[in-house]
Amino acid sequence: MKTVFINCSPKNRFCASSYFAFLQRLFVGGKKVNEKLRSPADHARILEQLRDAQTVVFCLPLYVDGIPSHVLRFLEEMEGFCKENGLHLSLYCIANNGFIEGKQNEPLMQSFEHFCTRAGLRWGGGVGIGGGVMLNVTRILFLVDVGLLLLNTLLSVVNTGSFFAKGAWISFGENAALLLFFNLGVLFYLARMGRHIRKGSFSGKKYTRILLPSFVFILFADIFFVIISLFEGGLFRGWLAKKEYRA
Ligand SMILES: Cc1cc2nc3c(=O)[nH]c(=O)nc-3n(C[C@H](O)[C@H](O)[C@H](O)COP(=O)(O)O)c2cc1C
């Protein structure tokens, strides 16, 4: 069985879609192909990959409560391609959004469902994930944790000659457990969808989010965006500056 994972985020690197695609791949067997859809230059290459595939998984961000426009352009072309070549792939979708409620991806899911009907594909369902940006940050925090553990182990070897820095391992375990907890909803639904992808069956639409109380999420999101605004042109310059239209 061949499954094509299409990361549809227009970002060059460090996008949430690639994180969720990575997690989903852990639960899918057979031949797995990773593709990136960022511009029309990617269309022909991806369509060729679909020719002998049984399953396609779209991993994408929610833009203005819907499918990003560059993905819509691709779907238009894909519809014609599938009809011309008699393809009846199973299509699954992993959508993530910035706000906390994953349910906001419902209109996007419906668009994919309608697309499948039009293109003659089998709609397999999807997972809508809220707090995608923050979940994506958890993987960086995990790597930082691993780095700290290695550093502490090194210091322990130098200072005491022991490879086992107990305090560092306890702190690593606590942090890793917390990060895992934030991701539990996502892991559960992606594991569940992985089972359906393997069987080629319908998984339904499921919505989850970062497992964090909303008031904590809002606090951290506000701090995050203030910092980002400062880096991207200054707080008030960024918000109040006259916007220039760029075609
Ligand atoms: C143009 C644009 C529109 C967006 N619209 C929404 C939206 O309607 N609702 C929402 O919750 N997040 C929205 N977001 C946030 C993205 O969905 C969020 O940042 C997502 O994690 C990006 O995924 P990626 O890193 O895979 O590109 C929007 C972001 C951009 C750039």
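Of the residues Gly131, Gly126, only one is touching a residue at least 12 places away in the same chain (Cβ under 8 Å), small (Gly, Ala, Ser) and within 12 Å of the ligand (Cβ to nearest atom); which? Please lay out each step first, then the result.
Numbers: Gly126 fails: within 12 Å of the ligand (Cβ to nearest atom).
When all the criteria are applied, what remains is Gly131.
Scan the stretch 34-42 and give yes if some residue there is crowded, with 17+ Cβ neighbours inside 10 Å and touching a Cys at 6+ places or on another chain (Cβ under 6 Å), otherwise no.
yes
Residue pairs, Cβ under 6 Å, 6 or more apart or interchain, first in the stretch 17-28 and touching a residue at least 24 places away in the same chain (Cβ under 8 Å) and assigned by TED's automatic domain parsing to the domain that holds Met193, second within 15 Å of the ligand (Cβ to nearest atom) and basic (Lys, Arg). List them.
Tyr19/Arg139
Name every residue in the stretch 2-40 that is charged (D, E, K, R), more than 13 Å from the ligand (Cβ to nearest atom) and more than 20 Å from Asn183 (Cβ to Cβ), in order of residue number.
So in the stretch 2-40, the residues charged (D, E, K, R) come out as 2, 11, 13, 25, 31-32, 35-36, 38.
Those still in the list that are more than 13 Å from the ligand (Cβ to nearest atom) too: 2, 25, 31-32, 35.
Residues satisfying the conditions are Lys2, Lys31, Lys32, Glu35.
Say whether the condition of being under 28 Å from Thr208 (Cα atoms) and open to solvent by less than 60 Å² (accessible area, probe 1.4 Å) is met by at least one residue in the stretch 143-152. Show your work before the answer.
Residues of the stretch 143-152 that are under 28 Å from Thr208 (Cα atoms), as a first pass: 143-146.
Narrowing the set further to residues that are open to solvent by less than 60 Å² (accessible area, probe 1.4 Å) leaves 145-146.
Within the stretch 143-152, one or more residues are under 28 Å from Thr208 (Cα atoms) and open to solvent by less than 60 Å² (accessible area, probe 1.4 Å).
Of the conditions (1) surrounded by 22 or more Cβ atoms within 10 Å (Cβ to Cβ); (2) over 17 Å from Glu76 (Cβ atoms); (3) of a type in the set (A, V, I, L, M), Ile6 fails just one. Which one is it?
Every listed condition holds for Ile6 apart from (2).
Just one of Val64, Val57 is modelled with pLDDT of 95 or more, in contact with a strand residue (DSSP E or B) (Cβ under 9 Å, 6 or more places away or on another chain) and of a type in the set (A, V, I, L, M, F, W, C); which is it?
On the way: Val64 fails: in contact with a strand residue (DSSP E or B) (Cβ under 9 Å, 6 or more places away or on another chain).
Exactly one of Val64, Val57 is modelled with pLDDT of 95 or more, in contact with a strand residue (DSSP E or B) (Cβ under 9 Å, 6 or more places away or on another chain) and of a type in the set (A, V, I, L, M, F, W, C), namely Val57.
Of the residues that make up the stretch 58-71, is at least one more than 16 Å from the ligand (Cβ to nearest atom) and either assigned to a helix (DSSP H, G or I) or not β-branched (Val, Ile, Thr) (or both)? Walk me through it before giving the result.
Going residue by residue through the stretch 58-71, those that are more than 16 Å from the ligand (Cβ to nearest atom) are none.
Scanning the stretch 58-71, I find no residue that is more than 16 Å from the ligand (Cβ to nearest atom) and either assigned to a helix (DSSP H, G or I) or not β-branched (Val, Ile, Thr) (or both), so the answer is no.
Tell me yes or no: at least one residue of the stretch 112-125 is open to solvent by 10 Å² or more (accessible area, probe 1.4 Å), of a type in the set (A, V, I, L, M) and assigned to a helix (DSSP H, G or I). Lay out the reasoning, then the answer.
Keep residues of the stretch 112-125 that are open to solvent by 10 Å² or more (accessible area, probe 1.4 Å), which gives 113-115, 117-118, 120-123.
Within this subset, residues satisfying the condition of being of a type in the set (A, V, I, L, M) are 121.
Of the ones still in play, those that are also assigned to a helix (DSSP H, G or I) are none.
Checking the stretch 112-125: not a single residue is open to solvent by 10 Å² or more (accessible area, probe 1.4 Å), of a type in the set (A, V, I, L, M) and assigned to a helix (DSSP H, G or I).
For Ala191, state whether it is assigned by TED's automatic domain parsing to the domain that holds Gln110, in a helix (DSSP H, G or I) and open to solvent by less than 70 Å² (accessible area, probe 1.4 Å). Spell out the reasoning first.
Working: assigned by TED's automatic domain parsing to the domain that holds Gln110: yes; in a helix (DSSP H, G or I): yes; open to solvent by less than 70 Å² (accessible area, probe 1.4 Å): yes.
The answer is yes for Ala191.
Name the residues in the stretch 1-51 that are among the hydroxyl-bearing types (Ser, Thr, Tyr) and either under 12 Å from the mean Cα position of the chain (by Cα) or part of a helix (DSSP H, G or I) (or both), would you? Give the derivation first.
Just the residues of the stretch 1-51 that are among the hydroxyl-bearing types (Ser, Thr, Tyr), to begin with: 3, 9, 17-19, 39.
The answer is Ser9, Ser17, Ser18, Tyr19.
The values are calculated or read from the model by the stated rules, or taken from the named source; none is laboratory data. Remember, predicted model here, so these are calculated numbers, not experimental data. Note: ideal-geometry Cβ built from the backbone for every residue, glycine included; neighbour counts use all protein chains shown. These area figures cover heavy atoms from the full protein model, side chains too; ligands, DNA and RNA do not enter into them. Shrake-Rupley method; radii C 1.70, N 1.55, O 1.52, S 1.80 Å.
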